[in-house]
Amino acid sequence: MLPRRIFVVFFTLIQHSGIFAKGSAPVYEDPFDIAAGGASLTRASQAGMIFSNPALIPYGNGFHRWFGNEATVIVGKDSVEFAKTLQKGNKSSTDTPAEKQVKFIEQVMKSPIHAGVLNNFAYINKYFGVSTFNRGEVDIQAKKYGDTGLPAIRFRAESYQGVGVSAASMALTQVVSVGATAKYIYAGEPDLAIDLTDQEGIKKLQSKSGLKSLIAMNTGLGYDAGMLIFLQGYNSDYRLALKADDVGGTKLKGDGVLKELKQVYSIGLGYTLHNGIDAIHLSLDYRDIRKCYDEALFKRVRTGVKFIVRKHLGLAAGYYDGWPSYGVELDAWIVRLTGSYYTRELGAKPGIDPRKVYALGLTTGF
Amino acid sequence: MVFIMTILQSCGTKNLFDCDGGYARSKCVHRTKDEDARIALDKGDLDTAVTLLSELVADDPTNYQRYPLLAAAYAGKSGFDILNVVTANFGGSSSLIQTMTSFLPTPISRGALYDQSLTDMDSSIKTLTAIPAELRTSTSSDKYATSAVLQLTLYQAAYGVMLLNKFTYSTTAYDPSQLANMTAADAAAILAAFAGASGSSGAGSAAAKAIAAIQAQPGGTDQEKIAAWSQAAR
C-alpha cells in the first residue's frame with residue numbers, strides 16, 4: 001500500500017524536518033528597521049544599533065540611551081490565511097472524506113507556514129552597549145510538484161542567539177564616530193527538502209544521527225566595525241556610514257552546516273529633515289559591496305524612510321528584499337508597540353519564493 | 001514625497017526588481033527558463049510549464065532531471081491530480097477501475113476535451129520512457145530516476161483506465177454499450193498500459209491483478225475480455 005505509507009511519511013516530515021541561508025544582512029535586525037527597508041546603517045532602533053552599526057551609539061542626547069527588552073512575533077501572511085480557512089471549516093460541504101483530505105492537502109500546498117520570534121534585552125549608553133538577542137524563524141513549504149515532479153516538502157529554519165557588546169566613540173569633534181561590536185553567536189540553519197521518492201532523505205530523518213545533524217547548532221565569536229560621518233545642520237543632517245561585518249570572517253564550530261559568516265563591507269547614506277520634535281529620515285544601504293555572498297542586487301540594496309511624529313509616533317516605509325515594506329510604531333514612554341509588514345524573498349531571484357510577513361512587537365524600557 | 005509615492009504605487013504586489021514587474025527603470029534580475037517553469041508549476045499554470053519544460057528538454061535532451069517534471073506537468077494538464085493518488089487505496093477491495101475512476105478525468109467531467117486529456121497523459125508516458133531504461137530504476141540514487149519509475153507506473157495505469165473509460169462513458173452518463181466500438185488496437189493499447197504499470201507497488205500490483213483478471217474472462221478476443229472485465233469490475 002505504497003500510497004498510504006507515502007501519505008503518512010509525507011505528513012510525518014512536517015513534524016520532524018529544517019534555511020534561509022545567511023546572507024549579507026546583520027545577525028539581528030529590528031522589525032521597525034526592516035519596515036523602513038532594512039536600511040539601518042545610518043539609523044537604527046535601540047538594540048539594532050549594536051548589530052547594524054555600532055558607530056551610531058554616540059549620537060543622541062544624554063549619557064543613558066536605552067535599557068529594555070523587545071519581543072516580536074512574526075507570522076506569515078499565508079499562515080494567517082490558512083488559519084482562517086481552518087477556522088471556517090468544511091462542515092456544510094458534501095465532499096467525501098477523501099475529497100476533504102485532498103482539499104486540505106491542497107490548502108497546505110498553497111499556504112507555506114512561516115513563523116518566528118525576535119527578542120533582545122539591551123543596555124546602551126553614550127559609549128557602550130550590550131545586548132542579548134534571539135532570532136528564530138521557521139518556514140515549512142509543501143509543493144504539489146517538487147523538483148522531481150512528485151509532491152515534496154521543504155523545511156527551513158534559522159536560529160541565531162547570542163550576545164553583542166559594542167563600544168563606540170566620536171573622533172574629530174562630532175563629525176565622525178567609530179564603533180566596534182564583539183558578538184558571541186550560537187546559530188543553526190537547517191534546510192531539508194524531501195521528495196516522496198527520496199528514500200535516503202526519509203531514512204536520514206528517521207535516524208538519530210540524521211536528526212542530530214539537522215538541528216545541530218554552531219558557535220563562534222565574531223567582530224563588526226563601523227564608522228559614521230555625521231554632518232549635523234539646524235534642520236537637516238547628512239550621514240555616511242561604512243561597516244564591516246564579521247571582520248576576518250567569523251568561524252563557527254559545531255556539527256551544523258553553517259561554518260562561517262563572511263566578512264562583508266557595506267555603505268549607507270542617510271538624510272534627515274527635522275525640527276527638534278518631528279523628523280523624516282531617508283536612508284539607502286548598499287550591502288556587501290564585494291559580493292562575498294554572491295547575492296543578487298535586490299537583496300543588497302535597501303532603502304526606506306522613517307517619519308517620526310512628535311517623538312511618539314513612527315511611520316516607516318521602504319524596500320526590503322526588493323519588496324515594499326511598511327511599519328508603524330507607537331511610543332508611549334516606557335512601552336512601545338510596533339507593527340511591521342514586509343516580504344522576505346527566500347529565493348535567489350525576485351518572485352521565486354517570497355514570504356509576506358507580519359511582525360508585531362512589544363518593547364518595554366526607557 | 002516622490003519616494004513615498006513610488007512605494008505606494010507598487011501596492012506590495014510586485015518586486016521592485018521583478019522582471020515581470022514592469023518597473024523598466026530598475027535593473028532586472030533575469031530568471032532562467034527553469035526557474036520560470038518552476039514558478040508556473042507552483043502557480044498551477046501547467047500550459048506554460050509544459051511549454052517551457054518542452055523547450056528545455058529539446059535544447060538539452062540528455063539532462064534527464066527535467067523529464068519527470070515535464071511528465072508531471074503533462075499529467076496535471078490531463079486532469080490527473082497526484083494528490084488524489086496519495087490518498088487513494090489501491091490495496092482495498094475496490095478494483096483498479098473503481099479506484100482510479102474515482103479521481104481520474106472522465107468523458108463526463110472533461111466533455112469534448114477528453115481526447116486531449118488522453119493525448120496529454122500519453123505525452124506524459126512518452127516523456128518518461130524517453131529516459132534510457134538503464135537510468136530509470138527504483139534503486140537509483142538519483143531522485144529523478146526513482147520519481148520517473150513511480151510516475152510511469154501511475155501514469156500507465158491511469159492511461160489504461162482512461163482509455164477504457166472512453167468506451168464506457170458518454171459525455172453525460174455511464175454507457176457500456178460503446179464497448180462494442182473498441183478496436184483491437186484500442187484493446188492492445190489498454191493491455192500494454194496495464195502491463196507497463198505492473199509491479200510491486202500499490203498501483204503496479206493493482207495493474208498486474210487487472211491483467212490476470214482480464215485474461216481469465218470469457219471471450220475470443222481481447223476486446224471481448226476487456227469488455228467483460230470492465231463490467232464485472234465496476
Pseudo-spin-label distance A:Lys84 to A:Ile289, built 7 Å along Cα→Cβ, given in nm, is 4.5 nm
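On average, how many beta carbons from a partner chain sit within 10 Å of the beta carbon of a residue in B:61-69? Could the numbers behind the result be given before it?
Numbers: counts 0, 0, 0, 0, 2, 2, 2, 8, 6.
Shielding by partners across B:61-69 averages 2.
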Cα gyration tensor of region B:118-167 - equivalent ellipsoid semi-axes, whole Å, descending: 24, 10, 7
Specify the residue with the greatest mean-square fluctuation among B:Ser54, B:Ser138, B:Ser205, computed from a Gaussian network of chain B linking alpha-carbon atoms under 10 Å apart. B:Ser138
Which distance in nm do the two modelled labels at A:Tyr358 and B:Gln98 give, with both placed 7 Å along the Cα-to-Cβ direction? 4.7 nm
If the cut-off is a Cα-Cα distance under 30 Å, which lysines reach A:Lys208, setting aside same-chain residues fewer than 8 apart in sequence? A:Lys22, A:Lys143, A:Lys144, A:Lys251, A:Lys253, A:Lys259, B:Lys143
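What's the average, rounded to a whole number, of partner chain beta-carbon atoms within 10 Å of each residue's beta-carbon in A:140-147? Provide the component values of the computation, followed by the final result.
Details: counts 0, 1, 0, 3, 9, 15, 6, 7.
Mean partner-chain Cβ count within 10 Å for A:140-147: 5.
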Arrange B:Tyr155, A:Tyr28 by Cβ neighbour counts within 10 Å, fewest through most, would you? A:Tyr28, B:Tyr155
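Which FRET efficiency, nearest 0.05, do A:Tyr265 and A:Val163 yield, Cβ-Cβ r, R0 25 Å?
Values: r = 24 Å, r/R0 = 0.96.
The computed FRET efficiency comes out at 0.55.
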Out of every Cα-Cα pair in region B:73-233, what percent are more than 19 Å apart? 52 percent
Please give the peptides A:152-164, A:280-292, B:108-120 ranked by average Cβ packing (other Cβ atoms within 10 Å per residue), highest first, as a rough proxy for protection. A:152-164, A:280-292, B:108-120
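Which FRET efficiency value, to the nearest 0.05, do you get for B:Ala232 and A:Ile277 by plugging their Cβ-Cβ distance into 1/(1 + (r/R0)^6) with R0 = 56 Å?
Working: r = 87 Å, r/R0 = 1.55.
For B:Ala232 and A:Ile277, the calculated efficiency is 0.05.
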Taking R0 as 30 Å, what FRET efficiency do you get between A:Glu106 and B:Thr171 from their Cβ-Cβ distance, rounded to the nearest 0.05? 0.65
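Any idea what the relative contact order of chain B is, in percent, if you count C-alpha pairs under 8 Å spaced at least 6 apart? Present the calculation step by step, with values, prior to reporting the outcome.
Working: 284 pairs, mean separation 36.2, N = 234.
Relative CO of chain B lands at 15 percent.
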Lysines with Cα under 21 Å of A:Lys126, excluding same-chain neighbours fewer than 8 positions away: A:Lys183, A:Lys243, A:Lys311
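So what's the convex hull volume per residue for the Cα atoms of the protein assembly as shown, in Å³? Provide the component values of the computation, followed by the final result.
Values: hull volume 101.1 nm³, N = 600.
Hull volume normalised by residue count: 169 Å³.
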Segments A:114-123, A:51-60 sorted - mean Cβ within 10 Å per residue, highest first: A:51-60, A:114-123
Using label points projected 7 Å from each Cα along Cα→Cβ, tell me how many nm separate A:Tyr238 and B:Ala180, to one decimal. 9.4 nm
Could you work out the mean count of beta carbons from other protein chains within 10 Å of each residue's beta carbon in B:76-89? 5
Helix-derived [θ] at 222 nm for chain A: sum -39500 (n - 2.57) over DSSP H runs of at least 4, divide by residue count, nearest 500? -5500 deg cm²/dmol
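Bear in mind that the values in this text are calculations on the coordinates, not laboratory data. Predicted model, so just to flag it, every value in this text is computed and none were measured. Note: ideal-geometry Cβ built from the backbone for every residue, glycine included; neighbour counts use all protein chains shown.
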